[in-house]
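Report on one structure; see the data block that follows.
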Amino acid sequence: MQAINQPISRDAFRGLVQRNKTAGRLAGRPAKPERDKVVASGMHLYPVDLERAKRVAEIKDRSVSYYMRVSFLKQLAKDEEELGIAEQQKAAAEPL
């Protein structure tokens, strides 16, 4: 038998694993917990959020991608205004 922390051959390791499985000391991989999956729709949204966006877009008679883009740009403008970034960008865009 080899000392602790000494490398063993691949075949010896496989044999060790097989003996442990046979003896019932090793179970299979644990099942991964079920998670909500993100939906790629121009933006990565959970299915629930995508359904909400589809509902509003349908009411507004717009495509979902158009609605999400406009919503994003409106919120971006609000955030820039709140942070005072909008004035800096306007000043930088004006010709001298």
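No lab work stands behind these numbers, since they all come straight from the coordinates. The structure presented is a predicted model; accordingly, all values stated were derived computationally and were not measured. Here the Cβ positions follow ideal geometry from the backbone for every residue, glycine too, while neighbour counts run over all protein chains shown.
Just give me the residues in the range 2-45 being over 22 Å from the mean Cα position of the chain (by Cα) and at positive phi, in sequence order. Selection gives Asn5, Gly24.
Assess whether Asp11 counts as being acidic (Asp, Glu), surrounded by 11 or more Cβ atoms within 10 Å (Cβ to Cβ) and not in a loop (DSSP other than H, G, I, E, B). So Asp11 does not fit the description; no.
Could you say whether any residue in the range 58-65 is hydroxyl-bearing (Ser, Thr, Tyr), surrounded by 14 or more Cβ atoms within 10 Å (Cβ to Cβ), on the phi < 0 side of the Ramachandran plot and touching a residue at least 12 places away in the same chain (Cβ under 8 Å)?
First, the residues of the range 58-65 that are hydroxyl-bearing (Ser, Thr, Tyr): 63, 65.
If we keep only those that are surrounded by 14 or more Cβ atoms within 10 Å (Cβ to Cβ) as well, we get none.
No, the range 58-65 contains no residue that is hydroxyl-bearing (Ser, Thr, Tyr), surrounded by 14 or more Cβ atoms within 10 Å (Cβ to Cβ), on the phi < 0 side of the Ramachandran plot and touching a residue at least 12 places away in the same chain (Cβ under 8 Å).
Here Lys32 clears all of (1) more than 24 Å from Tyr66 (Cβ to Cβ); (2) charged (D, E, K, R); (3) surrounded by 11 or more Cβ atoms within 10 Å (Cβ to Cβ) except the condition numbered (3).
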